[in-house]
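Participant: Please see the structure below; I have some questions.
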Amino acid sequence: MGRAEDDEPPPKRVKVSSRKLGDLSKSTLLTDRASCSLNDLMAHPLVCQGDDEVVGAKGVVKKVEFVRIIAEALYSLGYNKAGARLEEESGIPLQSAVVKLFMQQILDGKWDESVATLHNIGLMDEKIVKLASFEILEQKFFELLDGKKVMDALKTLRTELGPLCINNDRVRELSLCILSPSQQVLAGMSGQDVVRPKSRTKLLEELQKLLPPTVIIHEQRLIHLVEQALDLQLDACRFHNSSVGEMSLLTDHQCGRDQIPSRTLQKQSSLLALFLGLLWSTTNPLGDHHGCPSKSLGPSTSLVASLIQPTIILQDHSDEVWFLQFSHDGRYLASSAADCLVIIWEVKLDGLFCVKHRFSGHQKPVSYISWSPDDHQLLTCGVEEVVRRWDVESGECIHIYEKNGLGLISCGWAPDGNRILCGVTDKSISMWDLEGKELECWKGHRTIRISDLGITSDGKHVVSVCKDNMILLFGWESKAEKVIQEDQTITSFVLSTDNKYLLVSLWNQEIHLWDIEGTAKLISKYNGHKRSRFVIRSCFGGLNQAFIASGSEDSQVYMWHISSGELVETLAGHSGTVNCVSWNPADPHMLASASDDHTIRIWGLNQVKMKHTDTVSNGVHYCNGGT
């Protein structure tokens, strides 16, 4: 501290693996090799005193490991003198003497000596010794071949690499370098290329990853630990719902409740509404498309916009709203209701929610909606009726999918956007091309009359409720099947966007989170919401899908932190059962809810920041903290 030579790092900071490794013998990293033997170097611990000494209030951080990690960080940042000074003053070397010797031998190309030293490091796992020996001898092979010493390379291949019996396929590849020059392989990978040995520094980096950290501290270990700590702080923050630019190491991360959607704005007063309506009619009597006011109003209206409180309650349905879903890009919201109508709302950048299309044609209430992968088309499914495919831009019904004598209960898109899948009332699942040709039908207990269907984004698995308490994940190509069994009747489910998790709503007023990668396992339960009669839907949402939201029969929306399971918010405002919720994928601060009270509410941040601009909307704004 205070030494002039340590005040500034070198002009070019280098990684630990390349921190002047060729000069190891000139630093404290090596003792005089003439004054010690391998037997002397072997079997001695890194430090002779204070191995069990700990630092920190919790008594879990070993001082020796802590000092070694700090020294590695100093070297990786280019502070070589500071790193050497720390080793000297603490008496704790970064590496043991035998490891230092091994590293120097690798850099000097002393392959046979380095293999011998490797065996004397004291590694307990013989497989690691063999793997490391293979890496070293392969480098020796390539350097001999590069130096036109073909016979020596062949001898290394036959007498040293082959007998290790560690990677026979790789040995055969290497033999092609000698037998057929046209089949030569690049060091470290297969392919048609000229043989080139990798750099010795690169080899040392790979060996560092292979050997256990008790032998060689892994590169940038301290930085990795700090990043890990920051990630854990973010995961533990129950209200974290905003992108983080820079996080400080000087304070702990903590977000406030204002980062999650918590309110719909109150309706504007009738007097101000009347005044604003008159202002709109006089400045722009024609308005915009579908009743949205023009964006070109005069500057005087900005004062009015700052005085009113806009509403985000959408009331165009005439009956219970059963389902809603944002498009993948967040630009549209589709809703369906018992009035047999489907409405597409456009979410404009300036805060407007405008009706883009009203789709009519279903003879029964519409219970399910599915956006195409590119958001250009929409599937809608009536209750045990037909599935219709709509063009989002034109509003036209492009095709109707139906099966004679049977009703369709669910729908979804294959990831390529060229096929659709539908659940059928006979408990089968059918796949059609876009023109309505049935490509395949999986019969048997593939689905029941629950209008939920999931297709993984890789196109490999279909997810459906095959029995009252059982979910089936089956591969339509592999034919492999995986089953999730619950103790209670399943009412609905939703698949996470990364295909790793399944959120299952149950009859007993619980929501279960399942990890479906590999063997399915239940990892969390959420409760608090009310459900006794109806199908209530839940969803993932927020930044990195860190939250779960659900409707409820007590007219409220419930939100939980996905990791902790803590109920973080309850949203009141509806006057009827909340049937469905959907979080905007493009805006972690925007949540939509559909209710039996015939309305849709858009929830946003509690603190609304309205911009004083030269434009005004129709009173429908984002509630997301000011965008």
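The values are calculated or read from the model by the stated rules, or taken from the named source; none is laboratory data. Values in this document were obtained by computation on a predicted structure and should not be read as measured data. For neighbour counting, all protein chains shown are included, and Cβ atoms are generated from backbone atoms with ideal geometry for every residue, glycine included. For the accessible areas, the whole protein counts, side chains as well, though only heavy atoms, and no ligand, DNA or RNA atoms are used. Shrake-Rupley method; radii C 1.70, N 1.55, O 1.52, S 1.80 Å.
Participant: Just the residues that are acidic (D, E) and not in a strand (DSSP E or B), please, taken from segment 474-526.
Facilitator: E477, E486, D487, D498, E517
Participant: Here is a further query. So W432 fits all but one of (1) open to solvent by 50 Å² or more (accessible area, probe 1.4 Å); (2) farther than 23 Å from F540 by Cα; what number is the exception?
Facilitator: Looking at each condition in turn, W432 falls short on (1).
Participant: If you scan segment 331-355, which residues turn out to be in a strand (DSSP E or B) and open to solvent by 30 Å² or more (accessible area, probe 1.4 Å)?
Facilitator: E346
Participant: Same structure, new question: With the checklist (1) open to solvent by 10 Å² or more (accessible area, probe 1.4 Å); (2) within 25 Å of S538 (Cα to Cα); (3) within 29 Å of the chain's Cα centre (by Cα) in hand, flag the one item A414 doesn't pass.
Facilitator: Failed condition: (1).
Participant: Of the conditions (1) in contact with a Phe, Trp or Tyr (Cβ under 9 Å, 6 or more places away or on another chain); (2) closer than 19 Å to C466 by Cα; (3) open to solvent by less than 40 Å² (accessible area, probe 1.4 Å); (4) part of a loop (DSSP other than H, G, I, E, B), G395 satisfies every one except a single condition; which number is it?
Facilitator: Going through the list (1) in contact with a Phe, Trp or Tyr (Cβ under 9 Å, 6 or more places away or on another chain); (2) closer than 19 Å to C466 by Cα; (3) open to solvent by less than 40 Å² (accessible area, probe 1.4 Å); (4) part of a loop (DSSP other than H, G, I, E, B), G395 breaks only (2).
Participant: Scan segment 403-419 residue by residue and report those that are part of a strand (DSSP E or B) and polar (S, T, N, Q).
Facilitator: S410
Participant: What pairs come out if I take residues in segment 144-169 that are within 23 Å of V129 (Cα to Cα) and touching a residue at least 12 places away in the same chain (Cβ under 8 Å) and pair them with residues that are open to solvent by 50 Å² or more (accessible area, probe 1.4 Å) and part of a loop (DSSP other than H, G, I, E, B) whose C-beta lies under 9 Å away, six or more apart or interchain?
Facilitator: Matching pairs, first to second residue: L161/N167.
Participant: Determine which member of the set V462, V494, V504 is more than 25 Å from W560 (Cα to Cα) and of a type outside the set (D, E, K, R).
Facilitator: Result of the check over V462, V494, V504: V462.
Participant: Scan segment 524-535 for residues that are modelled with pLDDT of 95 or more and aliphatic (A, V, I, L, M) and report the count.
Facilitator: Looking only at that region, the number is 0.
Participant: For segment 74-102, enumerate the residues that are assigned to a loop (DSSP other than H, G, I, E, B) and in contact with a Cys (Cβ under 9 Å, 6 or more places away or on another chain).
Facilitator: G91
Participant: Would you please name the residue that is farthest from G330 (Cα to Cα), looking only at residues in segment 374-390 that are in contact with a His (Cβ under 7 Å, 6 or more places away or on another chain) and modelled with pLDDT under 95?
Facilitator: Result: E385.
Participant: Do we find that G122 is touching a residue at least 60 places away in the same chain (Cβ under 8 Å) and open to solvent by less than 80 Å² (accessible area, probe 1.4 Å) in this structure?
Facilitator: yes
Participant: Mind checking whether some residue in segment 528-539 is part of a strand (DSSP E or B), touching a Lys or Arg at 6+ places or on another chain (Cβ under 8 Å) and either of a type in the set (D, E) or buried (at least 18 other Cβ atoms within 10 Å of the Cβ) (or both)?
Facilitator: No, segment 528-539 has no match at all.
Participant: Which residue is modelled with the lowest pLDDT, if the candidates are limited to segment 455-473 and must be small (G, A, S) and surrounded by fewer than 20 Cβ atoms within 10 Å (Cβ to Cβ)?
Facilitator: Out of the qualifying residues, it is G459.
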